[in-house]
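Comments concern the structure below.
The values are calculated or read from the model by the stated rules, or taken from the named source; none is laboratory data. All of these numbers come straight from a predicted model, not from anything done at the bench. No Cβ is skipped: glycine too gets one built from the backbone with ideal geometry, and neighbour counts run over all protein chains shown. Ligands, DNA and RNA are excluded from the accessible area calculation, which covers all protein heavy atoms including side chains. Shrake-Rupley method; radii C 1.70, N 1.55, O 1.52, S 1.80 Å.
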Amino acid sequence: MLMNPRSIILIVAIGLGSTCPVNAADLLVTQYKNDPSGAPYGIALEKGFFHNHGLDITGIISGAGGGSSVRNAMASDLGYGDVTAAPVIAAAEQGQDVKIVGITSRSLADLVLIVMPDSPIRTPAELKGKKFGISNPKSLGEMMGVLVMEKAGLKQGDVQMTALGSLSGALTALENGVVDATSIPVILFRTRGGESKYRVLVSPKDLPLIPSQLGMATGQAIKEWPEKLRAIQAARREGTKFIYEHTDEAIQILSKLYAPLPPKDVGIMVKELVEAKFWTEGRIEMPLLEQTVHAMRGVGMLQNDVDLKKIVDASFLPPDLQR
C-alpha cells in the first residue's frame, strides 16, 4: 500500500522529534548567581552541553539555600537540585526520600574568612575569646567557623558564634566592630570591596575540605527518569572540565552571570578557585561527607553519626567516576 506524501512527512517528523530533548525544565541551583558553586551549570547551559546530552534545560533557578532549597528541589519537575550538603543529610536522616548523587564542590573555598585590615588577629588561633559573626545558627558559615577553629587547636566555646540574621548583617557587624571575624561568600566579599576593604585570614586553598554543595535527587527521579539524572551529571562534568581547561573563556561567560561584579574580579575569583581545585567532576568522596557530618554535629544539626552509604547513589555519574 502506497503512503501519501503528507503521511510520510508526519512519520519523519515524529521520528526526528524523538531524538530531540523533551520535557523542558528548569534546574535548581542554590545561590546560583550569588555563589560560584553553580558555575559549571552556567557553562553547560551557555555551551549547549545539556542539549548535547538530550536535556532541554530552559533556565537555572537560584535556590535560597538550606532546607528551603532541598524542599524546592524535591518539588521540581526534575526532582534534582544542586544544594547545600548539610540540609540534604538532615532531610535523609528525617526520613525524606532523597539521595546524594554527586559532589559538585569539594571545599569551602567559595567562602572567605575575613577580619578588618587593622585587626591584630593574624591567625585563626588568635580568635580565642573573640566573636565570630554568622548569619544564622547551624549555617554553613558556622560550620566553616567550627572546622577552622578546630584545625587551629581551639575547642568549642573558645570562640563566641554571634548570629546576625543575614550575611550582610554579619559583614556590617564586622565593619562596626561588633564581631572580630566573619565568613561570607566570595562574591559578596568582592562586591563589597574585597581586599581593598577587608583582610583575608584564611586563603581559599586552605579552607576545610567539605562540600559546599552537592547534587541531590528524589527517589521518584531515581526510579522514573534515571537517564535525565545521568545527562545532568554528564553535562555538568563537561562544564567543570571546561572551566579548568579553558579558564579564560569560562571567565568571559561567567562575567555575564556574576554581573555587576566587574569582570576583573570574576577573573580573580575563578582563578583562585581553579587553584584551590574547588569544583569537582562529581565523584562522591566519602571522607568529605564524613567531615560534613562531623561539622553538623559540631553546630548541633545532628546528635548521632549517619550511615552515609544509605543516602549515597553514585550510579548516575559517568562510569569512571563511580569508583
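The table below gives the values:
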| quantity | calculated |
| --- | --- |
| Accessible area expressed per residue, the chain, with surrounding protein chains retained (probe 1.4 Å, Å²) | 46 |
| Backbone HN-Hα couplings from phi across the range 108-121 [Karplus 6.51/-1.76/1.60, Hz, Gly and Pro as x] | 9, 5, 7, 10, 10, 9, 10, 10, 6, x, 8, 5, x, 6 |
| Placed amide H near G102: partners under 5 Å, 5+ positions off or other chain | G215 |
| Sorted largest first, extent of the range 40-139 alpha carbons per principal axis (Å) | 55, 37, 19 |
| In the range 80-143, the trypsin sites (Lys or Arg not before Pro) that fall in loop regions by DSSP, at most 12 other Cβ within 10 Å | R122 |
| Amide H contacts of F132 (H built 1.01 Å from N, under 5 Å, at least 5 apart or other chain) | Q160, M161, T162, D180 |
| Beta bridge orientation in the chain: antiparallel %, DSSP, nearest 5 | 55 |
| The range 216-296, Cα convex hull volume normalised per residue, Å³ | 145 |
| With every protein chain in place, the chain: carbon and sulfur % of accessible area (1.4 Å) | 53 |
| Rotationally averaged projected area of the range 166-272 (alpha carbon convex hull; nm²) | 9.1 |
| Simple label model, 7 Å out from Cα along Cβ direction - Y244 to K271, nm | 2.0 |
| Hypothetical label at S168: residues of the range 126-146 whose amide nitrogen lies under 19 Å (7 Å Cα-Cβ projection) | 133-137, 141 |
| Magnitude of the charge dipole, the chain, Cβ model with Lys/Arg +1 and Asp/Glu -1, debye to 20 | 100 |
| Filter on K130/K309; K99/K138; K155/K205 - keep pairs with C-alpha separation over 32 Å | K130/K309 |
| Estimated inter-spin distance, A24 and N72, nm [label 7 Å along Cα→Cβ] | 2.1 |
| For the chain, convex hull of alpha carbons as volume per residue, Å³ | 146 |
| Convex hull (Cα only) mean projected area of the range 106-213, reported in nm² to one decimal | 5.9 |
